[in-house]
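Working notes, beginning with the structure itself.
The values are calculated or read from the model by the stated rules, or taken from the named source; none is laboratory data. This structure is a prediction, so every number in the text was calculated from the model and none was measured. Note that we place each Cβ from the backbone using ideal geometry, even for glycine, and neighbour counts take in every protein chain shown.
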Amino acid sequence: MEYIFDLALPPASLANQLAQSLKQSKPELHKLLTTLKANQSLCPPQVVGCTPSEVRVLTLNGWSKSISQTPGQALAAWQLEVTHSTAPVWATQLCSTQIGTSVASLSPLSLLEVSHTEAQSLCESAQPSFGQAGDAIWVEAITPTAWRVHAPLAKLEHTVSPDALAGQNIAGWWPDGDAWLAWRRILNEIQMVWHNHPVNEARIERGLLPVNGVWLYGGSQGWQPRLAPKQPPHKSHTNIEPYHLSNVLRSYVMASDWSGWLDTWLEHVLPILIEMQSGSIDSSQNHGARPTQVTLTNHDRLVTLSPFNQNQPNWLRKLTKPFTKNDWSTWWHNLS
């Protein structure tokens, strides 16, 4: 079982302060982390097209460059469960776009607290703009929040997932060119319908962001994942270990609540690291599966932690361990 904790790595500006707080709160944590092997990967969204957590999940499901140039391009087909398609698979997700004086930013669905009733109402009101199967471009609502766009859209070298764009400037990611005119027309119609929609008026009254558009991403063909795409942890019928993705830290990062982030890190991440190192099983936490790896991410990198192989002879362990002290601050602070 691999545990993936989204946004469990600190920002560089706070790494030292949070490391000191961890040491003070749990002095034994320092010793524990020095016994774990760390593998760091840089995953800037502008290169990979999605969040590091999405990169990790897609990789565990068997994504490779033989499927698409970037994992972000393959995300749409995986999320929509399209396993066979010769045409590129494009997905949209409900979002909220805020236009400022110089920057346009996006809030993805995962941050909007949209109820099923709200999503259903918005989806139904947008359907007159969807077209029909067989049209040059038409939209298929797989669920009220996830739509597939069928169209011979221009091949893009890079697309980016909504979660990877959270709070970022989206100006450079808007598709332009004549091949996208039909899609932009549909999107404009939907935005006009939703501008004064009762759902959005009620959301604004409650102090919530309006759902005022959808974000398009994807571009790969359908592909067959090794694991079920929507139900981690999953009992796999292959040799690939199942995984569990946790977002318990996300709300604290978005609110810049680093005290709450630290407490939640100690409550959720530390016990899993202890179990992984000791080889114990806590069925209440792990669903009866022993942690074998723990992956921590932030906005542009991931670190996968695992125990050194204790079954190796002492002489071989010394060769495979780093010759210098295993200093966990190297990956915690992203020193390179």
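The table below gives the values:
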| quantity | calculated |
| --- | --- |
| Residue in the stretch 254-271 that is modelled with pLDDT of 90 or more, at positive phi and assigned by TED's automatic domain parsing to the domain that holds Gln46 present | yes |
| Test: residue in the stretch 114-136 that is out of contact with any helix residue (DSSP H, G or I) (no Cβ under 7 Å at 6 or more places or on another chain), under 30 Å from Gly62 (Cα atoms) and either buried (at least 19 other Cβ atoms within 10 Å of the Cβ) or not aliphatic (A, V, I, L, M) (or both) | no |
| Any pair with Cβ under 8 angstrom, 6 or more apart, that starts in the stretch 45-69 at a residue that is over 16 Å from Asp300 (Cα atoms) and ends at one that is surrounded by fewer than 24 Cβ atoms within 10 Å (Cβ to Cβ) and among the hydroxyl-bearing types (Ser, Thr, Tyr) | Leu60/Tyr243 |
| Breaking point among (1) in contact with a Gly (Cβ under 7 Å, 6 or more places away or on another chain); (2) over 13 Å from Arg301 (Cβ atoms); (3) of a type outside the set (Gly, Ala, Ser), for Leu29 | (1) |
| Matching option when the condition is free of Cβ contacts under 8 Å to residues at least 24 places away in the same chain and not in a loop (DSSP other than H, G, I, E, B), among Leu181, Leu216 | Leu181 |
| Pairs, first closer than 13 Å to Leu18 by Cβ in the stretch 247-258, second in a loop (DSSP other than H, G, I, E, B) and aliphatic (A, V, I, L, M), C-beta under 6 Å, six or more apart | Leu249/Leu7; Leu249/Ala8; Val253/Leu7 |
| Selected residue (criterion: modelled with the lowest pLDDT) from residues of the stretch 274-327 that are part of a helix (DSSP H, G or I) and touching a helix residue (DSSP H, G or I) at 6+ places or on another chain (Cβ under 8 Å) | Asn286 |
| Residue among Ser68, Ser110, Ser85, Ser25 that alone is modelled with pLDDT under 95, surrounded by 12 or more Cβ atoms within 10 Å (Cβ to Cβ) and under 30 Å from Arg206 (Cα atoms) | Ser110 |
